[in-house]
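K.L.:
Mind looking over this structure? Questions follow.
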């Protein structure tokens with residue numbers, strides 16, 4: 001039953017997605033899985049209301065969400081950080097594609113005796129879903145974590161690998177050589193020119209235009225120019241035969257050094273979120289339940305074996321590259337699904353007559369179903385990683401933390417480097433105490449790094465980041481986060497990982513202060529109350545009260561958990 005109008009379609013999508021996301025988030029399964037299930041129910045392959053039968057057209061349109069997603073990621077990825085990922089990207093990423101593709105080709109050869117098709121399918125299934133994985137990492141705040149950075153580097157290599165993979169479809173399918181119309185050297189020159197044009201435009205032209213519009217306070221044109229820059233970069237790379245998402249990412253990287261990067265991100269973010277949600281719904285609509293149910297055991301066997309192969313290869317490679325068992329486990333499970341570019345490659349193979357309709361439906365079903373179970377695989381990876389014992393460290397000396405080629409001896413860690421964190425860091429530095437600071441604002445990090453402060457981009461609520469920073473060696477942790485829930489999560493996690501460290505936290509009020517202490521902080525200072533006490537002390541001294549008496553009174557107030565100034569009659573919360 002198809003809807004009669006666009007409004008009918010919009011109502012069906014909004015009701016189905018809102019209901020599914022609310023339920024799945026309630027049970028801790030994530031919004032992505034809810035959107036996928038909603039897409040299955042309103043798709044053309046299940047009974048009930050159907051938004052459209054033109055699922056492929058819908059999916060092509062919603063891929064613009066993936067373009068915007070990679071652009072936003074690029075805005076947060078300074079070229080120096082991108083360069084620091086080169087080992088994981090070109091080394092680990094390339095080996096993952098070749099080894100996973102080769103092993104899966106051997107498995108598929110048991111059912112399809114043509115090596116060309118087996119290798120084509122194996123290499124295609126070796127690709128993972130950039131859209132799904134990046135969305136999950138962003139939703140969990142793990143982009144800056146060790147496993148998040150390795151995952152992102154592998155995904156970048158996979159995006160690059162799409163170009164030669166599509167070019168080799170005719171050869172791998174035994175249908176002949178590449179088209180002689182465009183020689184290989186010419187194709188390479190086109191790709192290099194497109195990449196150079198995108199980077200140069202993003203680095204020089206777009207910031208100049210945005211600066212002009214910002215001076216005119218023309219916000220509408222500012223947004224439209226930023227959006228046009230994203231899609232123009234995506235179009236240029238698509239014309240060059242590369243991934244649109246890769247073009248948007250390069251434009252984001254080029255603009256990451258601009259002082260307008262946060263304004264651009266704020267303008268793009270809402271539109272990205274909407275289109276990404278529709279993309280996941282469209283993927284769900286692509287799942288042909290009836291065709292897959294015709295032989296469910298064979299289908300499930302293919303899915304489980306292919307996922308298991310990717311997990312095993314990824315874990316082994318991560319360990320071979322020196323990653324911890326926890327990081328290797330998380331990377332292996334989060335990248336174990338098929339990728340959206342598989343739709344394109346298998347579609348091209350079907351159009352050339354390399355594979356038949358039944359093989360195409362099976363391949364699309366494997367990719368879609370592996371995407372469907374990705375949130376569950378991620379939770380399984382988290383559970384396994386949490387059970388892996390962390391090697392204990394000995395000694396009370398300061399830890400040595402290495403990032404982006406810099407090594408720092410540190411005794412203290414500052415979580416959050418805003419106005420409060422900066423003041424604390426400055427005092428620690430002036431007192432000769434080596435410290436390390438993390439902040440989630442890339443512009444703030446860049447600003448203070450230019451001034452020589454040891455500040456790094458990172459989320460202190462992420463387990464892998466704290467393990468990489470060897471939190472167990474820290475003597476002092478100062479938490480200055482202004483988000484109460486994030487501060488509580490960080491406090492609990494740090495207390496579990498570093499039971500001997502002193503944790504001092506900033507709080508907004510007495511209730512937050514009490515909650516932080518219950519979460520494991522040794523001290524939590526409510527800034528509003530502390531400011532009031534300082535004013536009260538100045539008032540008393542202005543009236544002639546001795547400073548020693550005033551200081552004694554203030555110490556008494558603090559030692560009794562601020563009982564004197566509590567609004568609840570002096571009872572601690």
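The numbers here are math on the coordinates, done by the rules we state, and not lab data. Bear in mind that the values here come from a model prediction, so they are computed numbers and not experimental data. Backbone-built Cβ (ideal geometry, glycine too); neighbour counts: all protein chains shown.
K.L.:
What value does segment 54-387 have for Rg/Rh, both radii from Cα atoms and Rh as Kirkwood defines it?
P.N.:
Rounded to two decimals, Rg/Rh equals 0.97.
K.L.:
With a 10 Å radius around each residue's Cβ, average the other Cβ atoms per peptide and rank 215-226, 306-317, highest first.
P.N.:
306-317, 215-226
K.L.:
Still on this structure: Can you compute the modelled spin-label distance between residue 214 and residue 522, with each label point 7 Å from Cα toward Cβ, in nm?
P.N.:
4.2 nm
K.L.:
Next question, about the same structure. Starting from the 7 Å offset along Cα-to-Cβ, what nm value, one decimal, do you get for the label separation of residue 227 and residue 57?
P.N.:
2.2 nm
K.L.:
Under a point spin-label approximation (7 Å from Cα along Cα-to-Cβ), what is the residue 7-residue 426 distance to one decimal in nm?
P.N.:
Inter-label distance under the simple model: 5.9 nm.
K.L.:
When the Cα centres of segment 49-69 and segment 297-335 are compared, how far apart do they sit, in Å?
P.N.:
29 Å
K.L.:
Next up: Arrange 447, 239 by Cβ neighbour counts within 10 Å, fewest through most, would you?
P.N.:
The order, fewest Cβ neighbours first, is 239, 447.
K.L.:
Can you work out the FRET efficiency for the pair residue 300 and residue 485, with r the C-beta to C-beta distance and R0 = 51 Å, to the nearest 0.05? Don't skip to the answer; put the middle values down first.
P.N.:
On the way: r = 39 Å, r/R0 = 0.76.
After rounding to 0.05, the efficiency reads 0.85.
K.L.:
On a full-extension model of 0.36 nm per residue, what is the gain between residue 443 and residue 87, subtracting their alpha-carbon distance, rounded to one decimal in nm?
P.N.:
125.6 nm
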